[in-house]
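Single-structure report; data block below.
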Amino acid sequence: MSHYPKKLANIISLFESLSELERRETLIAYADQSKNYSPKEGEVFDFEDVRKDEECTDSVGIYLKMDENQRYYFKIQLGPHVQTLTRAMSSILCKGLNGITSEELQSIPQDFVPKIVGAELIRARSQTVYYLLTRLKTASQVWEKRLLRHATQ
C-alpha cells in the first residue's frame, strides 16, 4: 500500500481487517465524525468550492488550505441531506489526506475506495463513493492553476 499516503494507508488497513458488519459500523462512526472536518466559523481558506452536483443529494463544500511547505489541508462542508456513506468518506478523506502535497493527491488511485466501503456498498452507491475524491483533486488542480497564473503575472 505504499502508493497511498501513510494516514490513508492506515485507514485502508483497518477497513480491510474488518468483517462486513464491522465495516458498516465503522463507516457509521466515521460519518458521525464528519462535523469535525467542517470549516469552523471565521476559518480562512485559500480555495473554496461549494456546489450541488447531480452525483450528490445535497450541496458539498470543499475547502482547501495550503501551508508554507505546499501541503494541503481539507475541510468538507456537507448539506443536511448528504447520505451517510458520503459523510463517512468525507471524514476518511480529510483524516487520510490532510498534510499531503498536490502531486501526492493527484497520484492517489481510486482503487482504495472498495477496500474501505466493500463490494456490496460499491454496487449500491457506485456514483457517490468516488465523488468526494474527485472533488478534492479538482479543487487542488484549480488552486494550482491560480497559483501559477499569479506567479507569472
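Annotations
- Whole-Hz Karplus values for the range 102-108 come out as 4, 4, 4, 4, 5, 8, 6 Hz, taken residue by residue from phi with 6.51 cos²θ - 1.76 cosθ + 1.60 and θ = phi - 60°; glycine and proline positions read x.
- Inter-label distance for H150 and Q70, nm, one decimal - labels placed 7 Å from Cα along Cα-to-Cβ: 1.6
- Pairs of lysines in the chain whose Cα atoms sit within less than 14 Å of one another amount to 11, provided the residues are eight or more positions apart or on different chains.
- Filtered GluC sites (Glu not before Pro), the range 1-51: DSSP coil and at most 11 other beta carbons within 10 Å: E41, E43
- Cα centroid of the range 50-86 to Cα centroid of the range 24-39, whole Å: 13
- Three-way shape label, the range 7-61, alpha-carbon gyration tensor, a/c 1.5: prolate
- Computed over the range 6-151, relative contact order equals 28 percent, with contacts defined as Cα pairs under 8 Å that lie 6+ residues apart.
- Between amide H atoms placed 1.01 Å from N, distances below 5 Å from S59 occur with G79, all of them 5 or more places distant or on a separate chain.
- Note, ³J(HN,Hα) from phi for the range 20-35, Karplus 6.51, -1.76, 1.60, rounded to Hz, x at Gly and Pro: 4, 5, 5, 4, 5, 5, 5, 4, 5, 4, 5, 4, 5, 8, 4, 5
- Model label points for K35 and T138, set 7 angstrom from Cα along the Cα-to-Cβ axis, are 2.8 nm apart.
Every number here is computed from the coordinates shown, using simple stated rules; none is lab data. The structure displayed is predicted, hence computed values, not measured ones. Cβ: placed from backbone, ideal geometry, glycine included. Neighbour counts: every protein chain shown.
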